[in-house]
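No value in this document is a laboratory result; all are computed from the given coordinates. In this text the structure is predicted, and so the values were computed from the model without any measurement. Neighbour counts run over all protein chains shown; Cβ positions are idealised from the backbone, glycine included.
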Amino acid sequence: MPSHPLLSVISDLRAFAVIRTETADQAVAVGVACIRGGISLLEITLTVAGALEAVKRLAGEHGAIVGVGSIVTPAHVRRAAAAGAAFAVSPHFDPDVLAETKARGLLSSMGGVTPTEAMTCHRAGVDVIKIFPASSFGGPAHVKALLEPLPFLRLMPTGGVDLGNIRAYLDAGAAGFGLGGSLVDRQAVAAGDWGRIESTARRVVEAIGVWRTGGRA
């Protein structure tokens, strides 16, 4: 199966902003702040009121690569694609959702925590396997343990990833990682402090740069 073109972008950028806010306007403001801070992979979850409207608006921002999270049905995929999404993220594996994602040309990310779940995703053609919630399953050590016998898997830990453990996840072999509350701080969103989110995004990008210059690609 040919590789999705976004995989090379993920390899370069690594960081996804997982945007879960109360309103579409907040999601757009957060997305713009992340882009300004250097994080252009933006996952808007369907739990956001007006999520697809936010996707449409952010897809028009220069440099933005926008996807939709919390996808659980093929209809969700169709609506995400129509809104301009480039990738679809599910917390679980569902072959019908995957088939629709492939048919629409979107990059697929689906949940698979155990070796059996991860291999089920891989064999079915999932592009990036989501480890969620990563902090509940051993963090970087779990990623490292999975990859020791299965080094060809592309794993994206999400849930509990922050500036303090980004390096450990990358060292463990994570293909990318999702940043939720540690980046999209609820207090900052409530206060409209978009500069705080932009600043955190910059620090994340800097941390990835430091890791790269440490001799690991």
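Across every pair of non-identical alpha carbons in the range 112-209, the mean reciprocal distance, once inverted, gives a Kirkwood radius of 14.1 Å.
Extension gain for residue 96-residue 62 works out to 9.0 nm (0.36 nm per residue, less the C-alpha to C-alpha distance). The coefficient of translational diffusion for the range 90-141, derived via Stokes-Einstein from the alpha carbon Kirkwood radius under 37 °C and 0.692 mPa s, stands at 294 µm²/s.
Kyte-Doolittle mean at least -0.5 and Cα extent at least 15 Å along the axis: which DSSP H helices of the chain qualify? Passing helices, by number: 24-37, 194-213.
Please give the FRET efficiency for residue 145 paired with residue 123, using the beta carbon to beta carbon distance and R0 = 22 Å, rounded to the nearest 0.05. Step by step, r from the Cβ atoms, then E = 0.65. List the residues of the range 139-171 whose backbone N lies under 20 Å from a point placed 7 Å from the Cα of residue 22 along the Cα-to-Cβ direction. Hits in the range 139-171 for residue 22 at 20 Å: none. Net charge in the neighbourhood of residue 94 (other residues with Cβ under 13 Å of its Cβ; Lys, Arg +1, Asp, Glu -1) is -1.
Would you please report the Å³ per residue occupied by the convex hull of the alpha carbon atoms in the range 161-217?
Roughly 64 Å³ of hull volume per residue.
Reported to the nearest whole Å, the Cα centre-to-centre distance from the range 1-59 to the range 94-131 is 19.
What fraction of the Cα pairs in the range 20-173, stated in percent, has a spacing above 19 angstrom? Working shown, then result.
Working: 6352 of 11781 pairs.
Percentage above 19 Å: 54.
For the chain, what does the relative contact order come out to in percent, with C-alpha contacts under 8 Å and a separation of six or more?
Values: 417 pairs, mean separation 44.1, N = 217.
It comes to 20 percent, rounded to a whole number.
Grab the beta carbon distance between residue 72 and residue 199, set R0 = 35 Å, and tell me the FRET efficiency rounded to 0.05. Efficiency at R0 = 35 Å is approximately 0.55. In the chain, helices alone account for a calculated mean residue ellipticity at 222 nm of -14000 deg cm²/dmol, with every DSSP H run of four or more residues adding -39,500 (n - 2.57).
Taking the chain as a Gaussian network of alpha-carbon nodes connected by springs under 10 Å, the highest mean-square fluctuation of the residues 58, 153, 179 belongs to 153. Mean sequence separation of contacting Cα pairs (under 8 Å, at least six apart), scaled by the length of the range 64-170, corresponds to a relative contact order of 19 percent.
Rounded to the nearest 20, the size of the Cβ-charge dipole of the chain about its Cα centre is 280 debye, with Lys and Arg at +1 and Asp and Glu at -1.
Applying 0.36 nm per residue to the separation of residue 162 and residue 191 and subtracting their alpha-carbon distance, the gain on full extension is 8.3 nm. Taking K and R as +1 and D and E as -1, what net charge do the other residues with C-beta under 14 Å from the C-beta of residue 110 add up to? That works out to -2.
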